[in-house]
Structures are given as structure tokens and as C-alpha cells.
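Everything on this sheet refers to the single structure shown next.
The values are calculated or read from the model by the stated rules, or taken from the named source; none is laboratory data. Given the structure is predicted, the values throughout are model-derived calculations rather than measurements. Every residue, glycine among them, receives a Cβ derived from its backbone with ideal geometry; neighbour counts consider all protein chains shown.
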Amino acid sequence: MTARSRAASLAPAARSGLITGLVFVLLAFGSAGLVSSADHLPGTSARLELTWAGDEAIRPGLDAAMSDLEAMSGDIDRLSVLGRGAIAALAGSKWDVLDATIADGGVLVSGIRDRTNALRARLIALPGLGRTAELRLSQESLDRQQRLFHALDGTDGLATAWARLAAGGINAVHLSTLLTQHDVLITDAIEAGLSRRTKEALADIDKATATLDQAATLRDGLANSVDVSELNEWLRRNRNYDVALRRLYVASAASPNRVNAALRAAIEAEKAARAELPGDTSGLVIIMAEIGRGGLNQAVLAIEEARGSLAEVLDAEAAASASPSPGP
């Protein structure tokens, strides 16, 4: 076979090999493109055009939620001011101010709770969410939604915390009223006893002791959550004096004209019990502060934690808004 004939017979094979090679090259480039596409999944910053429509659909709802969160943040700021005001009112024994503060805070807490529930329901109903959210939405949109949920979760404990504050304040007011009534009744009893109105004096002492019994019942309900050691001591000393004063008037009525041994012992017992009584109301202030402090501190702490959660979300939103938003 000549060289010309051999070349002619090899030409089709060469052309076939060349075509096959080109096909493999094209397939290789195509495979590389597919792999590259697979690396840029929806929900990542690499293929924003794949989630642009979903992001645009959910953005108005997220923006509205952020506006609601800003308004709620203002309410929580006001609640924080009321919490600190309640502490000041309790420390100063300003019971009317404390009652008004607790009532105002209760209205605010109720409004925050209702707005939180409504906002959480709207967030859940936003378009594009669900099992396929990562395919429909960018990570930025998903992060915004999660930040909002986190901030709302931080407000869930406010109602319970404020209820504890209210309970502490109400208990403090009740105790203060009872102990004040006790002192007034004992003063009336002493005046009646000095005027030889023994029956009236004994009746006043019995009424005074009844107020101590009510205070003790209230103390028993607080013992698991509040330090009541100061209250226990206050009640003990006043009860001892009630017993000694009553003994004195009974002994005096039994021996109105002379000092016998029973009357002399009653007089000494009254002097000893009176010496144990507090000389001023500073102990009462401490008691009221102890009663209210547990609930007040827990409430203020919960309020500050909620404020921190909201501030964190709003700061992150401000930082995100400062960055240019990508287009389709």
C-alpha cells in the first residue's frame, strides 16, 4: 500500500478521534459549570438572584415588624423607669405612689404582651417561610426573622416579673398598714389604761394583737421567697409587749388600791418588754424593703434583659441597613 492510500485510510479515524476529543472537552466544561452552579445554592450570598423574589416578598413584613419592635422598645423603656420608681417609692414608704406605679406598669405590661403575641403571629405568617425557606430566602432575610423572634422571646417573662413586683408591693403596703394599726391601738390602750378604763384598754390590746396575727399569716406566705428575719423580730418584740401590757392591766384591775407581788411583777415585765421595742421606724422601713426587694429586683432584672434583647436586634438592623442592598 502506498503512502497516499495509507493516509486516506487513516483520515476518517483521525477525524473521529478529533470529534470524540472535542465532545469530551465540551462535556468537561459543562460538568464544571454544573458543579459551579451546585456550589452556589439558593439561600447563600453567592446566588442572590435565586432568592431575590422571595426576599422582596418578605421584606415589607420584616420592615413593619422592626417598626413595631422599635415602638415596643419605647414601652419597655418606660416600664424600666416605673420599676426604678417602684423601688424608690417602697424605700420612702410612699404607698400611694407605689400603688399608682404598679397599676401603670400593669397596663404597660399587658399592652406589651398583646403586641408581642400579635407580632409573633405575623412573623410566622410571612411569605416564603416553612420547610423550603432556605431555598426561597437569603440568609440575610432568615437572620432578620430569627433576630425578631429572639427579641420577642425576651419579653415573655415581663408579665410574670411585674406580677411578682406587684405582689411584693401589695404585701409591703398590707404589712405597713397592719403594723401601723397595731401601734395606734396600743397607744389607745395605754391612754385608756391610764384613765382606769380597763375593759376598753384590754379590748384595744386584743385588737392590736389580732393585727399581729394577720401580719404573721402574711409573713408565713412570704417566707419561701423573701428574707423575713427582720419581720420575725419586729413581730416578736411587739407581741411580747402586748402580752406584758395586758398582764399589767389585769393585775392593776385585780389590785386597784395597793401594789402586791403580782402587780409588781407585771410592772417589771412591762418595763422590760417596752425596753425591747424599737425606738423609731427605721426597722419598719427595713422590713418593707426586704418584703418588696425580691419581687422588685427580679422585675427590674427581667425588664433590663428584655431591653438588652431589643437593643441588640435594633442595632443589628441599623448595621444591616447601612450596607447596600443587592439587586436582582
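Search segment 255-268 for residues being in a helix (DSSP H, G or I) and in contact with a helix residue (DSSP H, G or I) (Cβ under 7 Å, 6 or more places away or on another chain), and hand back the single one that is surrounded by the most Cβ atoms within 10 Å (Cβ to Cβ). If we take residues in segment 255-268 being in a helix (DSSP H, G or I) and in contact with a helix residue (DSSP H, G or I) (Cβ under 7 Å, 6 or more places away or on another chain), then Ala266 is surrounded by the most Cβ atoms within 10 Å (Cβ to Cβ).
Out of segment 279-310, which residues are touching a helix residue (DSSP H, G or I) at 6+ places or on another chain (Cβ under 7 Å) and modelled with pLDDT of 75 or more? Spell out how you get there, then give the answer.
Looking only at segment 279-310, we keep the residues that are touching a helix residue (DSSP H, G or I) at 6+ places or on another chain (Cβ under 7 Å), and these are 283-284, 286-292, 294-296, 298-300, 302-304, 306-307, 309-310.
Passing the criteria: Ala299, Val300, Ala302, Ile303, Glu304, Ala306, Arg307, Ser309, Leu310.
Does Ile205 count as surrounded by fewer than 20 Cβ atoms within 10 Å (Cβ to Cβ), under 24 Å from Leu277 (Cα atoms), without any contact (Cβ under 8 Å) to a residue 60 or more places away in the chain and not hydroxyl-bearing (Ser, Thr, Tyr)? So Ile205 does not fit the description; no. Do the conditions hold for Leu50, that is, is it at pLDDT below 85 and surrounded by 13 or more Cβ atoms within 10 Å (Cβ to Cβ)? Yes: the conditions hold for Leu50.
Residues checked against (1) in a loop (DSSP other than H, G, I, E, B); (2) surrounded by 21 or more Cβ atoms within 10 Å (Cβ to Cβ); (3) of a type outside the set (Phe, Trp, Tyr):
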| residue | (1), (2), (3) |
| --- | --- |
| Asp77 | no, no, yes |
| Ala103 | no, no, yes |
| Gly106 | no, no, yes |
| Ser110 | no, no, yes |
| Leu129 | yes, no, yes |
| Glu140 | no, no, yes |
| Phe149 | no, no, no |
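Here are Thr160, Thr180: which of them is within 23 Å of Ala311 (Cβ to Cβ), among the β-branched types (Val, Ile, Thr) and part of a helix (DSSP H, G or I)?
On the way: Thr180 fails: within 23 Å of Ala311 (Cβ to Cβ).
So the residue among Thr160, Thr180 that is within 23 Å of Ala311 (Cβ to Cβ), among the β-branched types (Val, Ile, Thr) and part of a helix (DSSP H, G or I) is Thr160.
Glu230 meets the conditions (1) free of Cβ contacts under 8 Å to residues at least 12 places away in the same chain; (2) touching a Gly at 6+ places or on another chain (Cβ under 7 Å) in every case but one. The failed one is (1).
Close contacts from segment 154-171, counting a first residue that is within 21 Å of Ala89 (Cα to Cα) and modelled with pLDDT of 75 or more and a second that is assigned to a helix (DSSP H, G or I) and charged (D, E, K, R), with Cβ to Cβ under 6 Å and a gap of 6+ residues or different chains, come to Ala159/Arg113. Among all residues of segment 55-65, there is none that is under 18 Å from Thr160 (Cα atoms), within 25 Å of the chain's Cα centre (by Cα) and not basic (Lys, Arg). Taking the stated definitions as given, is Ala118 out of contact with any Ser or Thr (no Cβ under 6 Å at 6 or more places or on another chain), free of Cβ contacts under 8 Å to residues at least 60 places away in the same chain, among the hydrophobic types (A, V, I, L, M, F, W, C) and closer than 30 Å to Leu178 by Cα? It is false that Ala118 is out of contact with any Ser or Thr (no Cβ under 6 Å at 6 or more places or on another chain), free of Cβ contacts under 8 Å to residues at least 60 places away in the same chain, among the hydrophobic types (A, V, I, L, M, F, W, C) and closer than 30 Å to Leu178 by Cα. If you go through segment 154-185 and keep only what is hydroxyl-bearing (Ser, Thr, Tyr) and surrounded by fewer than 17 Cβ atoms within 10 Å (Cβ to Cβ), you end up with Thr160, Thr177, Thr180. Restricting Arg136, Arg122 to those that are out of contact with any helix residue (DSSP H, G or I) (no Cβ under 6 Å at 6 or more places or on another chain) and either surrounded by 20 or more Cβ atoms within 10 Å (Cβ to Cβ) or among the basic types (Lys, Arg) (or both) reduces the list to Arg122.
Just to be sure I understand, how many residues within segment 186-201 are surrounded by fewer than 20 Cβ atoms within 10 Å (Cβ to Cβ) and either hydrophobic (A, V, I, L, M, F, W, C) or within 14 Å of Gly105 (Cα to Cα) (or both)?
Residues of segment 186-201 that are surrounded by fewer than 20 Cβ atoms within 10 Å (Cβ to Cβ), as a first pass: 187-188, 190-192, 194-200.
Filter once more, keeping what is either hydrophobic (A, V, I, L, M, F, W, C) or within 14 Å of Gly105 (Cα to Cα) (or both): 190, 192, 194.
Total satisfying the criteria: 3.
So if I check each of Leu90, Leu119, Leu98, Leu69, which one is under 30 Å from Gly168 (Cα atoms) and modelled with pLDDT of 85 or more? Full working, then the answer.
Values: Leu90 fails: modelled with pLDDT of 85 or more; Leu119 fails: under 30 Å from Gly168 (Cα atoms); Leu98 fails: modelled with pLDDT of 85 or more.
Residue meeting the stated conditions: Leu69.
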